[in-house]
Amino acid sequence: MKSREQEYREIFMAEALEYYDAMSRHISELEKNPADAPALNELFRLMHNLKANARAMGYADIGEVAHRMETIFGLIRDKEKTFSGSMVPVLFTGVDKIGEMIRAVGESRELPSVATLVNNLDLLVKGEEPVLGEEEEVDADEDANRKLELSDLVYIQIKKLDHLLNLVGELIIDRDRILTLSQEIGSPALQTAATHLFRIADELQYSVMDARLVNVGSLFNKFPRVVRDVATAEQKDVELTISGEDIQIDRNILQIITDALLHLVRNAIGHGIETPEDRVKAGKPAQGKLALSAQTERDDVLIQVTDDGKGIDVESVRRKAVERGLVSAEAAGLLDPGAVRAFLFEPGFSMAKEVTEISGRGVGLDVVKLAIDSLGGQLRVESVLGQGTTFTLVLPTSIAVKGALLFELEESSYAIPLMHTDLVVALWPDDLHVVGGMLLAHVFGDNIPVVPLRALLHGSEDGPLPAANKEDITGRQNIIIVNYNNRRLGLIVDRFLRQQDIVIKPMSKPLDMIDLFGGVTLLGNGQVCLVLDVPALTRLFLAKRP
Amino acid sequence: MKNRILIVDDSFYMRTMLKNMLTDAGYEVVGEAANGQQALEMAAATRPDLITLDVILPDNTGLDVLKGIRQDQPDVKVVMCSAVGQEVIVNEALESGASAYIVKPFSEEKVLEIVSSALQEGGSTEA
């Protein structure tokens, strides 16, 4: 329930502050023209709404004051009273006090006392003279010197921030271009100016990115309600724990993963956590545990959904993968559990009903995977049969700028996002072996398939890649090891260039059809640089491997 | 079939709360109007089964809206919503054909009870 209460509180506050501003405006209008009918109607309506909302929220004092003010403005409107004499300072004090109380609610402070004010408002309703004290004293000096208080917070539409970020992206590209030009031209003055521009643009970029950050908690806090509802429907007993609510992430990234997270949580309750009876039989506490957590790791944000349910049966997933022809029986036998669980994210794989029942994992994990891929993030799953499952979402903090590795192939520059880059190695032919027509590199105790990137990019549309021949490999091989969905793949390139933050732009149509590139970026020298889409490359390799 | 409800209230807070209560209880909220003009337009466009109608609205009173809707759709059930202090208007509203009224701040149980009994009043005024 916490989530909804919080939502109500936020809406109440935003609306109450709006009402207060309008009240202040209308009561000033009334001072100029005591019979201003539209102002009276508005004051009446605003007091009425504030009263109802405050009472629903349980802020009785705000309700009491607003109720009496509503009555008095109603009487003035109906010409039974006039806005004049001692009534004026009392009503002004009333509006001020309302503002004070609303701010106190917003800052979780104790609300100021309103006993005197309420008493005076009651006297006014009865037509008696109020008791004016310090609060109502019209001190011209003080009024004249009164400080205007504006909120320290601005609400801004995300659209405006998106626009700002796009502009910054353009600026970064031009900045790099100018910096390169200034070096080419060799004018010291221009170089100094360009270096300064570089620093400022950098700071601007981080400021704009920072302005878009929101707490992960703004999403997490919606889950207690979801968990309660799903657990009730599934007749499970689930305790949710939330941690890392104050970790910050780009608002649009949070938006994009909302459905994915909802899906994972529903799955964990529906298919992961067992019924209380089954849990007791398995020697577990009747109440299942579900944890939502966030943490930062270098520049990334890790979000984890962990349950202590029945876990994923790797052997049944392995069998299914073979049955569905995703992998040969022989190859499947060699795959480690992580690689086997990766099949769960294959499109349509988890849709199979039998799998749902056998493995205890539900539908549509491929959809979750796609959402994470679209952000350039990673989705991982760890599971121990009988003990539970953890899904980890590795997300970039910001969508605008990505760390990338730049390299050269056939005299063109390419970029590959660091998110998908595990390792960069230079290997000699002796480090490479050909097994079944496939080149394998033995790196860190792991046999990783290796393929010349040019074969993937320029290969014929259909048909497998040509079988690898050890004799074609001469001299030092520069290899980028990429990782997607628990699968590693080595890509042979011509030359490593450098690591750089890049702004990725979507591509125009014709190139888009190639589908192996996630976008383009412009380098400082004005050169266009294609950004490789590692998920697409990995899929292409799997489809075409010899 | 789910009963379709239109919410009319000038406070976003109230609309949100009503919408959550009604949606959770299995009703379909077909629209939310924040003033009288919107209320009349949306009532005509969505033809709801029931309307929750705030008594005090920025452009005209809930009473005018009630009369406007009644002319156009004599069968629609209307539940007036009001904070205490507006009993006079509410009485007039009941005389003008509102089914019931809810006093703000309302409890979830009360709202659902009143809405469901208003909907059960019978399909048409002739019934």
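Since every read-out is calculated from the coordinates, none of them should be taken as a lab result. Please read all numbers here as calculations on a predicted model, not as lab measurements. No Cβ is skipped: glycine too gets one built from the backbone with ideal geometry, and neighbour counts run over all protein chains shown.
Considering the options A:67, A:205, A:404, tell which one lies farthest towards the positive end of the dipole of chain A, charges being +1 on Lys and Arg and -1 on Asp and Glu at the Cβ, about the Cα centre. Of A:67, A:205, A:404, it is A:404. Considering only A:119, B:58, A:435, and ranking their Cα positions along the charge dipole of the protein assembly as shown that arises from unit charges at the beta-carbon of Lys, Arg, Asp and Glu, the one farthest toward the positive end is A:435.
Measuring against 25 Å, Cα to Cα, the residue pairs A:51/B:19; B:77/B:110; A:160/A:505; A:126/B:110 contain A:126/B:110 as the ones spanning a longer distance.
All other residues whose Cβ lies under 12 angstrom from that of residue A:29 are scored, Lys and Arg at +1 and Asp and Glu at -1, for a net of -1.
Taking a 24 Å limit on the Cα-Cα distance, which of the listed pairs A:369/A:402; A:236/A:369; A:284/A:369 fall beyond it? Going by Cα-Cα distance, A:236/A:369; A:284/A:369 fall outside the 24 Å limit.
With semi-axes defined as the square roots of five times the eigenvalues of the C-alpha gyration tensor, the equivalent ellipsoid of chain B measures 18, 17, 15 Å, largest first. Here the peptides A:375-387, A:31-43, A:424-436, A:49-61 are ranked by packing, the mean other Cβ count within 10 Å, and the order with the highest first is A:49-61, A:375-387, A:31-43, A:424-436. Between residue B:24 and residue B:95, the simple spin-label model (points 7 angstrom out along Cα→Cβ) gives 3.7 nm. With bins 10 Å wide beginning at 0, the percent of Cα pairs of the stretch A:2-145 falling in each bin runs 11, 43, 34, 10, 1. Helical content alone sets the calculated 222 nm signal of chain A at -15000 deg cm²/dmol, taking -39,500 (n - 2.57) per DSSP H segment of four or more residues and averaging over every residue. Put a plus charge on the Cβ of each Lys and Arg, a minus charge on the Cβ of each Asp and Glu, and nothing anywhere else: the dipole of the stretch A:374-504 about its Cα centre is then about 380 debye. A simple spin-label model places the labels of residue A:367 and residue A:197 4.7 nm from each other, with each point 7 Å out along Cα-to-Cβ.
Put a dot 7 Å past the Cα of residue A:229, heading toward its Cβ, do the same for residue A:528, and the two dots end up 4.7 nm apart.
The dipole here belongs to the stretch A:212-265: it is taken about the Cα centre, uses +1 on the Cβ of Lys and Arg and -1 on the Cβ of Asp and Glu, and is about 180 debye. Taking the C-alpha atoms only, the angle from helix A:314-323 to the longest principal axis of chain A is near 60 degrees. Rounded to the nearest 20 debye, the dipole size of chain A about its Cα centre is 1920 debye, using +1 on the Cβ of Lys and Arg and -1 on the Cβ of Asp and Glu. Estimated from helical segments only, the mean residue ellipticity of chain B at 222 nm is -13500 deg cm²/dmol, where each DSSP H run of four or more residues counts as -39500 (n - 2.57). Restricted to Cα atoms, the stretch A:401-544 shows a radius of gyration and a Dmax of 14.9, 43 angstrom.
For the charge dipole of the stretch A:194-326, defined by +1 on Lys and Arg C-beta atoms and -1 on Asp and Glu C-beta atoms about the Cα centroid, which residue among A:309, A:325, A:214 has the Cα displaced farthest towards the positive pole? With unit charges placed on the Cβ atoms, the residue in question is A:325. Across the alpha-carbon atoms of chain A, the computed radius of gyration and Dmax are 32.2, 107 angstrom.
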